[in-house]
Amino acid sequence: MTPDEIYLNRKQFFDEQAEKWMDMWYKDPSTGRYDKHEENFKRLFSLLPLRPGDRVLDVGCGTGVLVPYVLERITSKGLLIELDYSEKMIEVNRRLHPEANLRFLVEEAEETSVEEASCDAIICFSSFPHFHDKEKAMERFSRILKPGGFLAIAHFESSEGIKKHHASCPPVMHDHLPEEPSMRSMFQRFGLKVERFIDEPGFYCVLGKKVS
């Protein structure tokens, strides 16, 4: 299968899953609430230095599971940009989240139109393995961040666990996280100092700060 075919199959998969995405992955069947990963979200956001008034880019946002957590921290003074290349994911996200300080973009991570030096934070939650060109995406993220801004790449599974999970799903079976040395090297090459690197069963987070 060619890279273009892999890309199209992946995109079709996410479009087809959009309407049921929240129910599949974030709904607790015992309570009926979307708090299945509440403790992990608390842990993740305890690591992210978000402040009232921050401008945040949520890349590969899907249907917007991060929206309430980010808005709680940046308040109405901040701005949250929800970006995904799946039109259907953004369609559902927009329907679920009518808040005034949200912007929605259907774009590729690698070619987003978000202005350079305009964001205090970029978050890639459960999305980085799916980027078509990770190097190009990282370069773009570095340009978008303000000096001192941070990039977080996070999952609620280890890198090895993600690899095994994706192996069972043909549209994303090729989508993995880079090995730790490669990930650290990518951050460094694009002017991001790694401040936290956690890769353990049930939780993954790389947090980098733009140094210049």
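Along the stretch 197-207, what does the Karplus equation 6.51 cos²θ - 1.76 cosθ + 1.60 (θ = phi - 60°) give for ³J(HN,Hα), rounded to whole Hz, x for Gly and Pro?
9, 10, 9, 9, x, x, 7, 9, 7, 10, 10
I'd like the accessible area for ASP199: 1.4 Å probe, protein heavy atoms, all chains in place, Å² to the nearest 10.
70 Å²
For LEU71, what charge total do you get from the other residues with a beta carbon under 12 Å from its beta carbon, if Lys and Arg give +1 and Asp and Glu give -1? Show your work: numbers first, answer last.
On the way: positive: ARG73, LYS77; negative: ASP54, ASP58, GLU72, GLU82, GLU99.
Around LEU71, the surrounding residues sum to -3.
With a cut-off of 8 Å between alpha carbons and a minimum separation of six or more residues, what is the relative contact order of the chain in percent? Don't skip to the end; give the middle numbers.
Numbers: 388 pairs, mean separation 36.9, N = 212.
It comes to 17 percent, rounded to a whole number.
Whole number in Å², please: accessible area per residue of the chain, 1.4 Å probe, ligands, DNA and RNA not counted. Walk me through the numbers before you get to the answer.
Numbers: 10320 Å² over 212 residues.
Ligands and nucleic acids excluded, the figure is 49 Å² per residue.
Would you please classify the overall shape of the stretch 38-79 from the alpha carbon gyration tensor, given that a ≥ b ≥ c denote the square roots of the eigenvalues, rounded means a/c under 1.5, and beyond that prolate means a/b larger than b/c while oblate covers the rest? Provide the component values of the computation, followed by the final result.
Working: a/c = 1.83, a/b = 1.18, b/c = 1.55.
Since a/c reaches 1.5 but b/c is at least a/b, the shape of the stretch 38-79 is classed as oblate.
Translational D (Stokes-Einstein, µm²/s) of the stretch 2-145 at 20 °C and 1.002 mPa s when Rh comes from the Kirkwood sum over C-alpha pairs?
Values: Rh = 15.7 Å.
Rounded, D is 136 µm²/s.
Using a simple charge model, +1 on the beta-carbon of Lys and Arg, -1 on the beta-carbon of Asp and Glu, nothing else, what dipole does the stretch 104-161 show about its Cα centre, in debye to the nearest 20? Numbers along the way, then the final one.
On the way: 5 positive and 12 negative charges, 37 e Å.
Dipole about the Cα centre, nearest 20: 180 debye.
Would you compute, from DSSP H runs of 4+ residues alone, the mean residue ellipticity of the chain at 222 nm, taking -39500 (n - 2.57) per run and dividing by the full residue count, rounded to the nearest 500? If you can, show how the numbers build up before the last one.
Details: 8 runs with 78 residues, N = 212.
One gets -10500 deg cm²/dmol as the mean residue ellipticity at 222 nm.
Might you report the magnitude of the Cβ-based charge dipole of the chain about its Cα centre, with Lys and Arg at +1 and Asp and Glu at -1, to the nearest 20 debye? Walk me through the intermediate numbers first.
On the way: 29 positive and 36 negative charges, 148 e Å.
With only Lys, Arg, Asp and Glu charged at Cβ, the dipole is about 720 debye.
Would you mind pulling out the separation of the Cα centroids of the stretch 1-37 and the stretch 86-110, in Å?
15 Å
Residue by residue through the stretch 5-14, what is 3J(HN,Hα) from phi via Karplus (6.51 cos²θ - 1.76 cosθ + 1.60, θ = phi - 60°)? Round to whole Hz and write x for glycine and proline.
Per-residue couplings from phi come out as 5, 4, 4, 5, 5, 5, 4, 4, 4, 5 Hz.
Near the amide H of SER158, under 5 Å away, which other amide H atoms are found, from residues 5 or more places off or on another chain, if H is placed in the peptide plane?
So SER158 has HN proximity to GLY202, PHE203.
Got a sec to turn the phi values of the stretch 68-79 into Karplus ³J(HN,Hα) couplings, 6.51 cos²θ - 1.76 cosθ + 1.60 with θ = phi - 60°, whole Hz, x for Gly and Pro?
Once rounded to whole Hz, the list reads x, 5, 5, 4, 4, 8, 8, 6, 5, 6, x, 9.
Taking only C-alpha pairs under 8 Å that are 6+ residues apart, what is the relative contact order of the stretch 42-136 in percent? Numbers along the way, then the final one.
Working: 156 pairs, mean separation 31.9, N = 95.
Dividing the mean separation by the residue count of the stretch 42-136 yields 34 percent.
So how exposed is ARG143, as accessible area in Å² (1.4 Å probe, rounded to 10)?
110 Å²
The values are calculated or read from the model by the stated rules, or taken from the named source; none is laboratory data. This is a predicted model, so every value here is computed, not measured. Methodologically, a virtual Cβ is constructed for each residue, glycine included, from the backbone with ideal geometry; neighbour enumeration extends over all protein chains shown. Please note that ligands, DNA and RNA were not included when accessible areas were found on the heavy atoms of the full protein model with its side chains. Shrake-Rupley method; radii C 1.70, N 1.55, O 1.52, S 1.80 Å.
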